[in-house]
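Read the structure below first, then the notes.
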Amino acid sequence: MATITLLPQVDQSQRDGHTQGTQSARPRTAWFLLCAVLAFGLLGYHPFAEDGGIYATGVTLRLHPELFPTERNLPHSFAIAHTSQSLFVPSVAQLIRLLHLPQDWAMLLLFATALLATLLAAGSLARALFPSIRAQRGAVLLLAVSLGLPVAGTSLYLADPYLTARSLWTPLVLYGLSLLLRSRARAALLCLVVSAPLHPLMTVWAALLFATVMARRSNRPAAWTAGLAAATLAAMATLQAFAPPDSGAVRAASLSRGYWFLAQWEWYEWVGLVAAPVLLLLFATWNPLRKRTSQSGRDLCLALVIVAGIVTAAALLLIHPGDASLLLARMQPLRMLHPLYLVFVLMAGGLLGDLPQRLRCMPAAACIAAGIGLLTMQRGIYAHSGQWELPGATPANAYERAFLWVRDNTPVDAVFAADADYTKAPGEDAQMFRAVAQRTALPDQAKDGGIASVIPALAETWKRESDLQTGLATATDAQRLTWVRPLGATWLLLPAAAQTAFDCPFRNSAAKVCRLP
């Protein structure tokens with residue numbers, strides 16, 4: 001029976017790097033701390049925005065079960081359903097209890113620790129990719145300034161400006177890859193095992209990458225790689241072929257995630273899909289570049305190109321908006337581009353960092369350009385919020401200030417209705433009401449649609465209740481009562497300019513909070 005045999009992957013450049021590389025010559029702790037501070041400064045911190053608010057709500061409910069009483073006994077709740085799919089939320093909640101810190105401060109500490117761990121793991125991987133100390137440091141520095149980089153059209157970033165399961169998953173997978181390239185397969189697989197309970201979906205696609213790296217480094221790389229690719233595509237095709245048809249509500253929730261479908265990507269997102277794998281292929285095969293990387297680096301680049309080809313082929317052939325079942329779409333194979341982009345940035349930074357003396361200004365110029373560009377992008381996304389939303393500080397965002405008033409001045413059993421698209425309102429910056437206000441809210445279109453897309457049991461509720469809240473900001477008071485009173489709503493969150501005769505004990509420049517009669 002054929003077996004995969006991992007071959008020694010130590011080339012001359014690695015041996016030279018080892019003889020040069022003493023403990024004192026490696027990137028020092030101070031370097032990583034400096035890069036982590038730079039990363040935190042450029043990426044920012046928005047703990048209750050987007051998915052950060054979803055995870056923060058889950059942690060809050062674990063720590064304070066008296067909150068969200070109207071949802072506590074439901075079989076599925078928007079406040080915790082999505083975060084119950086992994087051990088991340090219960091693990092974070094238990095850690096906060098052990099630390100005896102306020103939740104906001106503990107999550108900030110975990111976020112900062114995850115950033116540092118990501119850069120340390122990237123440094124470990126960079127040492128496997130490049131023999132040169134300068135290249136290793138250039139790789140880590142470029143990653144530090146590029147963590148806000150979007151990953152093609154996947155709606156992912158290299159790192160989020162808030163704490164999520166992916167914050168801890170990323171350093172585990174990067175470190176696992178560094179172990180795998182050092183032929184420490186068991187330790188690498190242990191990293192995958194630890195990451196799986198934190199983020200099962202991302203770990204599925206990381207496992208495909210690990211398997212491809214092992215196939216590339218076997219005694220028969222072409223045969224093992226081709227077999228793995230064929231088996232993966234066959235398994236995905238079989239899964240899609242035998243998946244039961246989705247209900248109308250499940251389809252609606254799934255189709256609200258347009259980034260799952262390549263047919264709905266913009267042209268520039270296609271550029272991101274194609275450019276990174278092509279450049280990795282260039283790094284691994286073009287002689288002027290390949291000779292400046294280790295054999296391990298070339299193996300990893302080629303493995304990533306192969307896996308990118310597999311998931312892209314699957315997305316093109318098997319995932320379409322008109323399919324009766326969108327099960328494979330919900331598995332999001334294009335998330336595989338996340339580790340690909342991480343390695344691409346490390347490779348680009350390493351090659352820039354090891355340029356000849358006469359071109360030594362280019363790495364600094366590239367890092368400055370990347371940092372300025374991505375900081376500008378971050379400020380555009382969170383234009384009405386502070387760059388660093390630290391615990392205890394008064395929020396710059398007027399919607400957040402309204403949510404805080406709700407937390408401090410309404411009963412814990414209050415149920416709020418808001419326009420289904422409130423997270424897209426001008427100045428709202430996708431700040432999540434439940435996370436800040438700590439009150440029950442009827443499902444919104446955007447973020448709760450994402451929850452319903454991966455928790456089909458919530459799809460019917462999401463579709464019915466978000467539809468009834470569509471246009472709530474511009475509706476009449478009679479319509480508002482007709483639409484949301486039967487859903488159990490007792491309060492309304494409306495834009496400041498909305499017309500209403502209801503009693504509104506709070507209002508500011510962005511929002512008003514009104515009591516339903």
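Since every read-out is calculated from the coordinates, none of them should be taken as a lab result. The model shown is predicted, which means the values in this text are computed figures rather than measured ones. Every residue, glycine as well, gets a Cβ built from its backbone with ideal geometry; the counts of neighbours run over all protein chains shown.
A few remarks follow.
- Least to most buried among Met202, Met347, Met377 (fewest other Cβ within 10 Å first): Met377, Met202, Met347
- Secondary structure note: in the chain, about 60% of the DSSP beta bridges are antiparallel.
- Estimated from helical segments only, the mean residue ellipticity of the chain at 222 nm is -19000 deg cm²/dmol, where each DSSP H run of four or more residues counts as -39500 (n - 2.57).
- Cysteines, the chain, no other Cys beta-carbon under 4.7 Å: Cys35, Cys191, Cys301, Cys361, Cys367
- Taking the centroid of alpha carbons for each part, the range 100-153 and the range 476-517 are 44 Å apart.
- Of Leu359, Leu262, Leu209, the sequence from fewest to most neighbouring Cβ atoms within 10 angstrom is Leu359, Leu262, Leu209.
- C-alpha center-to-center spacing [the range 436-466, the range 364-424] in angstrom: 20
- Relative contact order of the range 398-515, pairs being alpha-carbon contacts under 8 Å that are 6 or more residues apart, as %: 30
- Angstrom value of the Kirkwood radius, inverse mean 1/r, which spans all Cα pairs in the range 258-369: 15.6
- Charge context of Ile310, other residues only, Cβ under 14 angstrom, K/R +1, D/E -1: +2
- DSSP bridge pairs, the range 398-515: antiparallel proportion in percent, nearest 5: 60
- At 1.306 mPa s and 10 °C, Stokes D of the range 179-291 from Kirkwood alpha-carbon radius, µm² per second: 91
- Gap separating the Cα centres of the range 196-246 and the range 163-179, nearest whole Å: 19
- Between Arg515 and Lys424, full extension at 0.36 nm per residue minus the direct alpha carbon distance yields a gain of 30.5 nm.
- Debye log10 I(q)/I(0) for the range 398-515, one point scatterer per Cα, at q = 0.14, 0.15, 0.18 Å⁻¹: -0.51, -0.59, -0.88
- All alpha carbon pair distances within the range 157-228 were sorted into 10 Å bins beginning at 0; the resulting P(r) in whole percents reads 21, 46, 27, 6, 0.
- Principal-axis tilt of helix 133-145 within the chain, Cα atoms, nearest 10 degrees: 10
- Exposure proxy for Glu66, Glu428: other Cβ atoms within 10 Å of each Cβ, ordered fewest to most, give Glu66, Glu428.
- Solution diffusion estimate, µm²/s, Stokes-Einstein, the range 62-125, Kirkwood Rh from C-alpha pairs, 25 °C, viscosity 0.890 mPa s: 178
- As computed over the chain, the Cα convex hull volume per residue (Å³): 157
- Rounded to the nearest 10 degrees, the inclination of helix 29-43 to the longest alpha-carbon principal axis of the chain is 40 degrees.
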